[in-house]
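What follows is a short report on a single structure.
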Amino acid sequence: MDLADLQALLARIAGVRVVAVGDLMVDRFVHGAVARISAEAPIPVMARQSESVMLGAVGNVARNVAALGGEAALVGLIGKDAAGRQAKDLIAAEPRIEGYLITDAERPTTIKTRFVSSGQQLLRVDEETTAPIDGEIERQLVRTLLDAARGAKAILVSDYGKGVVTPAVIAAARQAAAREGAMLIVDSKARSFARYGAVDVVKPNAAELAFATDLPTETDAQVEVALARALELSECRSVIVTRAAKGMSVGVRGAPVAHHRRPPPEVFDTMGAGDTALAGLGLGFAVGAPAADAVDLAILAAGVAIQKAGTATASADEVIEAEILERFAPAEAKIATPDRMAREAAHWRERGLKVGFTNGCFDILHRGHIAYLAQAREWCDRLIVGLNTDRSVRALKGEGRPVNDLESRALVLAGLRSVDLVVAFDDETPLRLIEAARPDVLVKGSDYRLDGVVGRDLVEGWGGQVRLADLIEGHSTSATIEKLAKRA
């Protein structure tokens, strides 16, 4: 699928109704700093700093359907408790998610609380009941699912094994799919795929496929054998397995296994990636896309999500941007717009990485520039370079400058290992870029005074620092130009 095909597919997806049904969770993240080990036991002591809450499991599937442009009908179960009310509030805040929730006063809302420091999970605490639902609650859920599915083009079942996806709920999903002519896809953590009956797709990950078949799933050949066995043991029409950096493999009855791969992105957090893949796959099939295109969309969307912290989503714009960047050379991929810079910087901070920012004209790159940027990178984990446009260089340096145009200067900078992003700015100062990037470290040369650094008040105001990097005497663009003029 090329870029034009991807854009056309996403345009067709916009507004498509998809049902997401299954185990609903509230994901809570408690963030803090760890600076010492407890005197009471060999465990870290975390100073709590912030907390975030989001929908998880089938809730995250619905969030990803909405983020990609679809309309999600979320069918699930909550308790009569604070977490249940929180789940309702989170759904109400999502304009493209319609909640169809059943309240069970005898059952708590499932909560997963993760304690995170510097991008690393220290502990997860689960509050849940996993007994299968039954009686009137089960009957309510079945009726609600049949109602919510009206007009749906796909039904996505998220079975985390928490008791909501019972045989009656599975039968109702099959009935609704047949009535609406909708694709029925199950994301399964079950020991047996046979429990789902004749669904269109079962989508496990590699470990779940191995669990269900008692077969290894490391290599392509092993996956092919495991997929064949999974189809033998069940009535489903196909099995699509997600394999992390190895892509996805599709097993369809009567056809050879197809392996789909893309260059793996930088991975920060795989949490919820299966939910994102399910949403992408479901939306692709919902609009009649070929399996290869639906799988491509799922891989792209999951690749966006795993670069973020926590239970994340992938938007249509982010998926298009990921496709474009994949086609660039590594250096070209570092050249960013201000909007992309702001998103990347936010993602880096979520991962506990220290973000640095510096700026300049960088007209004719020389030894002094290289040393300066290398020192700036030592003070941070990711370095953003604000680059003056040709017009602003001319305003600062006079006619005849820059010697190299913006595109050339940006590409040379992006080729340096010390530089992570290059962003052009046309303003007199880089203040707006600094506001958007919110760097932890702001770097200028030692020819500046601290009180003369643009953005210093902002950076120090949000807890960052300003540092002055050493300059190598005798190395400058002006000096280089003078040398060249003398030789001419």
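The values are calculated or read from the model by the stated rules, or taken from the named source; none is laboratory data. Predicted, not measured: the structure shown is a model, and the values here were computed from it. Positions of Cβ are generated from backbone atoms using ideal geometry, with glycine treated the same way; all protein chains shown enter the neighbour counts. Side chains are part of the model used for accessible areas, which takes the heavy atoms of the whole protein and leaves out ligands, DNA and RNA. Shrake-Rupley method; radii C 1.70, N 1.55, O 1.52, S 1.80 Å.
Extension gain, ARG12 to ARG124: 0.36 nm times the residue separation minus the Cα-Cα distance gives 36.4 nm. On a per residue basis, the range 1-128 carries 45 Å² of accessible surface, using protein heavy atoms and a 1.4 Å probe. Given their separation in residues at 0.36 nm each and the Cα-Cα distance between them, ALA105 and THR219 gain 36.4 nm when the chain is fully extended. Stretched out straight at 0.36 nm per residue, the stretch from ILE320 to ALA346 would grow longer than its current Cα-Cα span by 7.5 nm. Each of MET54, PRO216, ALA73 was placed along the dipole of the chain (beta-carbon charges, centred on the mean Cα), and the one lying farthest toward the positive end is PRO216. Split the accessible area of the range 69-166 by element, probe 1.4 Å, and carbon with sulfur accounts for 46%. Write down the percent of antiparallel bridges among all DSSP beta bridges whose residues are both part of the chain, to the nearest 5. The antiparallel proportion sits near 35 percent. If only the Cβ of Lys and Arg carry +1 and only the Cβ of Asp and Glu carry -1, the dipole of the chain around its Cα centre is close to 340 debye.
With point charges of +1 on the Cβ of Lys and Arg and -1 on the Cβ of Asp and Glu, referenced to the Cα centre of the chain, which listed residue (GLN86, VAL19, HIS31) lies farthest in the positive direction of the dipole? Among GLN86, VAL19, HIS31, the one farthest towards the positive end of the dipole of the chain is HIS31.
If you bin all the Cα-Cα distances of the chain at 10 Å, starting from zero, the percentages per bin are 4, 18, 24, 22, 16, 10, 5, 1, 0, 0. The mean sequence distance of close C-alpha pairs (under 8 Å, at least 6 residues apart), as a share of the length of the range 278-358, puts its relative contact order at 20 percent.
Using a cut-off of 30 Å between Cα atoms, the listed pairs LYS153/LYS189; LYS80/LYS308; LYS112/LYS246 include LYS80/LYS308 as exceeding that distance.
Under 15 Å from a label point set 7 Å out along the Cα-to-Cβ vector of LYS80, the amide N atoms of the range 88-131 belong to 102-109. Computed about the Cα centre, the dipole magnitude for the range 322-474 is approximately 240 debye when only Lys and Arg (+1) and Asp and Glu (-1) carry charge, each at its Cβ. What the phi angles of the range 456-472 give under the Karplus curve with 6.51, -1.76 and 1.60, with θ = phi - 60°, is a coupling list of 4, 4, 4, 5, 5, x, 9, x, x, 9, 10, 10, 10, 8, 5, 10, 8 Hz, glycine and proline written as x. When a 1.4 Å probe is rolled over the protein heavy atoms, the share of accessible surface on the range 324-410 that falls to carbon and sulfur comes to 51 percent. Over the range 342-424, Cα pairs under 8 Å with separation of 6+ residues give a relative contact order of 33 percent. Contact order, relative form, for the chain: 12 percent (alpha carbon pairs under 8 Å, 6 or more residues apart, mean separation divided by residue count). Since only GLY119, PRO44, THR129 are under comparison, the one whose Cα sits farthest along the positive direction of the charge dipole of the range 40-151, derived from C-beta charges on Lys, Arg, Asp and Glu, is GLY119. Within the range 339-381, name every residue whose backbone N is under 17 Å away from a label modeled 7 Å from Cα of LEU396 along the Cβ vector. Residues passing the 17 Å test: 357-374, 376. Magnitude of the charge dipole for the range 112-173, about its Cα centre and with charges confined to Cβ atoms of Lys, Arg (+1) and Asp, Glu (-1), is about 300 debye. Largest accessible area first, the residues SER249, SER50 order themselves as SER50, SER249 under a 1.4 Å probe with ligands, DNA and RNA left out. Amide H contacts of GLU235 (H built 1.01 Å from N, in plane; Pro and chain starts excluded): GLY197 sit under 5 Å, all sequence-distant by 5 or more or on other chains.
If R0 is 41 Å, the Cβ-Cβ spacing of VAL34 and ALA292 corresponds to a FRET efficiency of close to 0.35.
Once all protein chains are placed together, TYR448 keeps about 100 Å² accessible to a 1.4 angstrom probe. Estimated from helical segments only, the mean residue ellipticity of the chain at 222 nm is -11500 deg cm²/dmol, where each DSSP H run of four or more residues counts as -39500 (n - 2.57).
Can you give the convex hull volume of the alpha carbon atoms of the range 82-159 per residue, in Å³?
Convex hull of Cα atoms, per residue: 147 Å³.
In angstrom, the C-alpha Rg and Dmax of the range 1-97 are 18.9, 60.
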